[in-house]
Amino acid sequence: MNSRGSAARRDLVVLAYGYAASPRDAVSRVVEDLATELRSRGRRVTVIGIPPTRIVAAGGNAADKIRRLRSELRFLLSSVVFVLRRHREMHAFISVDVPSGLPFVGALARRMSRGRVRDIAWVMDLYRLTIQGGGHLDTVRARLELAALRSSAKIITIGECMSALLSDLTAKPVSVIPLWHRDMEVAVAPASNSPLRLLYSGSAREIHPLLPLVQAVGGRDDVELQISGSGSEVERIRAYLANHPQRNVQVGGFVEEQNLASAYARADVHVVSLSENATGTCVPSKVYAAMASGRGVLYLGSTSGQAARDVLNAGAGIVVETDAMTSMSAAITQLASNRARVVAYGAQARRFFDDERALAVGGARWADELVASAAIVTQSAAVS
């Protein structure tokens, strides 16, 4: 189709996320899922991000951080060029989290189209906006991100507590479209006469405390804990185990994508952790991975977080504070001694997933949002 025909359609949905091409990035998978789901519903979707060869991993030394910043600035510039060239064929521009300032590009698309393009800031992580005790650059970045969010026509996030916090920070209404997960095969639970198998899979930073759990399960004959992933908390556990070996605690690297289903199936219960002081800044997708695989959840964190609420509302597991070792030990004993309850948690988790957190459900909610945004633009045009 020629460019004039494409422009006449004005139906292009743009999903902009800096790390959309990063294979281990959880947000990139969510973006890819949404693009695929919207396309299956007849939408024309383009995903833009930093080219794979220019992606610089987080962390590293000062030179690495400068390279990462440069790659993000190049992406912001290329996004502006994209909007300048193709705003006439756009229906919506959805900016996702990073780089800082990306919602300004969506606002540019709206202004160039005289309000026809609907710009939406899709927020999945508030950590950068709420970090305490950061340096001058952290403060500047947080102010830039807040200004960019305030420039957006609409803000959507993935949890009710995140919505409340975002609304306070931006002084704007914030809508919620809950997070989802890809479907997974549900395998038969392991034999009940074997030790209870707990699994933590994924990255673990300082906001994902796991050491108290390691200490709570250490030396028990009725439970085994497998931690598969990387991050500062994983390294802290490795250091602890080097001095305090535990025969029933194993630490390994990331599980490859093609092996995730079998790894999840070997576990009886999945562990999810989010520090209480990070509640409301994100929604751990690990909860919905567990639910998709038909497994219950031992959630370490506050009961007020969206994922913890979902676990409790679904009857899909137990929520315990991250540092409450006595309650943690009691919860583990309850799980290990009542396998029928563990199986029930898994069944109820999968039921909740099918009804509320499956990709098709999330895709339908986003499709409805895009229809509603088109109606708002039409009404605005009629009034003007």
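The values are calculated or read from the model by the stated rules, or taken from the named source; none is laboratory data. On a predicted model such as this, the values are computed, not experimentally measured, just so you know. Here Cβ is always computed from backbone atoms with ideal geometry, including for glycine, and neighbour counts include all displayed protein chains. Please note that ligands, DNA and RNA were not included when accessible areas were found on the heavy atoms of the full protein model with its side chains. Shrake-Rupley method; radii C 1.70, N 1.55, O 1.52, S 1.80 Å.
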How many residues of region 38-48 are at negative phi and open to solvent by 30 Å² or more (accessible area, probe 1.4 Å)? The answer is 7
So, in region 110-137, of the ones that are among the small types (Gly, Ala, Ser) and without any contact (Cβ under 8 Å) to a residue 40 or more places away in the chain, which residue ends up farthest from Ala148 (Cα to Cα)? Gly133
Here are the criteria: (1) open to solvent by 10 Å² or more (accessible area, probe 1.4 Å); (2) part of a loop (DSSP other than H, G, I, E, B); (3) in contact (Cβ under 8 Å) with a residue 60 or more places away in the chain. Tell me which single one Arg309 does not satisfy. (2)
State which residue is nearest to Val80 (Cα to Cα) when the search covers only region 7-49 and only residues that are of a type in the set (S, T, N, Q) and modelled with pLDDT of 95 or more. Thr46
What's the number of the condition Leu137 fails, among (1) surrounded by fewer than 21 Cβ atoms within 10 Å (Cβ to Cβ); (2) under 30 Å from Ser373 (Cα atoms); (3) among the aliphatic types (A, V, I, L, M)? (2)
Given the criterion in a helix (DSSP H, G or I), basic (Lys, Arg) and at pLDDT 95 or above, identify the matching residue among Arg4, Arg86. Arg86
Hey, can you tell me all the residues within region 240-270 that are of a type outside the set (Val, Ile, Thr) and in a loop (DSSP other than H, G, I, E, B)? His244, Pro245, Gln246, Arg247, Asn248, Gly253, Phe254, Glu256, Ala267, Asp268
Pull up region 312-332, narrow it to residues that are in contact (Cβ under 8 Å) with a residue 24 or more places away in the chain and open to solvent by 30 Å² or more (accessible area, probe 1.4 Å), then point me to the one that is farthest from Gly219 (Cα to Cα). Asn313
For region 259-305, what are the residues that are without any contact (Cβ under 8 Å) to a residue 40 or more places away in the chain and open to solvent by less than 10 Å² (accessible area, probe 1.4 Å)? Val287, Tyr299, Gly301
Mind listing whichever residues of region 149-167 are surrounded by 20 or more Cβ atoms within 10 Å (Cβ to Cβ), farther than 23 Å from Glu276 by Cβ and not charged (D, E, K, R)? Leu149, Ser152, Ala153, Ile155, Ile156
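Return the residues of region 79-98 that are touching a strand residue (DSSP E or B) at 6+ places or on another chain (Cβ under 9 Å), open to solvent by less than 60 Å² (accessible area, probe 1.4 Å) and more than 22 Å from Tyr127 (Cα to Cα); say none if nothing qualifies.
Restricting attention to region 79-98, the residues satisfying the condition of being touching a strand residue (DSSP E or B) at 6+ places or on another chain (Cβ under 9 Å) are 79, 82-83, 86-87, 89-98.
Then keep just the ones that are open to solvent by less than 60 Å² (accessible area, probe 1.4 Å); that gives 79, 82-83, 87, 89-98.
Correct list: Ser79, Phe82, Val83, His87, Glu89, Met90, His91, Ala92, Phe93.
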Could you please find all residues in region 337-365 being of a type in the set (A, V, I, L, M, F, W, C), crowded, with 21+ Cβ neighbours inside 10 Å and within 23 Å of Pro195 (Cα to Cα)? Val342, Ala349
Among (1) open to solvent by less than 40 Å² (accessible area, probe 1.4 Å); (2) touching a residue at least 24 places away in the same chain (Cβ under 8 Å); (3) touching a helix residue (DSSP H, G or I) at 6+ places or on another chain (Cβ under 6 Å), the one test that Val30 misses: (3)
Only one of Asp33, Asp25, Asp97 is under 23 Å from the mean Cα position of the chain (by Cα), on the phi > 0 side of the Ramachandran plot and not small (Gly, Ala, Ser). Can you tell me which? Asp97
Report yes if some residue within region 279-289 is part of a loop (DSSP other than H, G, I, E, B) and over 14 Å from the mean Cα position of the chain (by Cα); otherwise report no. no
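Would you mind stating whether Ala107 is more than 23 Å from Cys282 (Cα to Cα), of a type in the set (A, V, I, L, M, F, W, C) and surrounded by fewer than 17 Cβ atoms within 10 Å (Cβ to Cβ)?
Working: more than 23 Å from Cys282 (Cα to Cα): yes; of a type in the set (A, V, I, L, M, F, W, C): yes; surrounded by fewer than 17 Cβ atoms within 10 Å (Cβ to Cβ): no.
Criteria not met by Ala107.
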I need the full set of residues from region 221-258 which are of a type in the set (D, E, K, R) and open to solvent by 50 Å² or more (accessible area, probe 1.4 Å), in order please. Asp221, Asp222, Glu224, Glu235, Arg236, Arg238, Arg247, Glu256, Glu257
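Select from region 171-213 the residues that are among the charged types (D, E, K, R) and either surrounded by 15 or more Cβ atoms within 10 Å (Cβ to Cβ) or in contact with a Lys or Arg (Cβ under 8 Å, 6 or more places away or on another chain) (or both) and write down the one among them that is farthest from Thr36 (Cα to Cα). Lay out the reasoning, then the answer.
Pass one, region 171-213, residues among the charged types (D, E, K, R): 172, 182-183, 185, 197, 205-206.
Now restrict to residues that are either surrounded by 15 or more Cβ atoms within 10 Å (Cβ to Cβ) or in contact with a Lys or Arg (Cβ under 8 Å, 6 or more places away or on another chain) (or both): 172, 182, 197.
Numbers: Lys172: 30, Arg182: 11, Arg197: 34 Å.
If we take residues in region 171-213 being among the charged types (D, E, K, R) and either surrounded by 15 or more Cβ atoms within 10 Å (Cβ to Cβ) or in contact with a Lys or Arg (Cβ under 8 Å, 6 or more places away or on another chain) (or both), then Arg197 is farthest from Thr36 (Cα to Cα).
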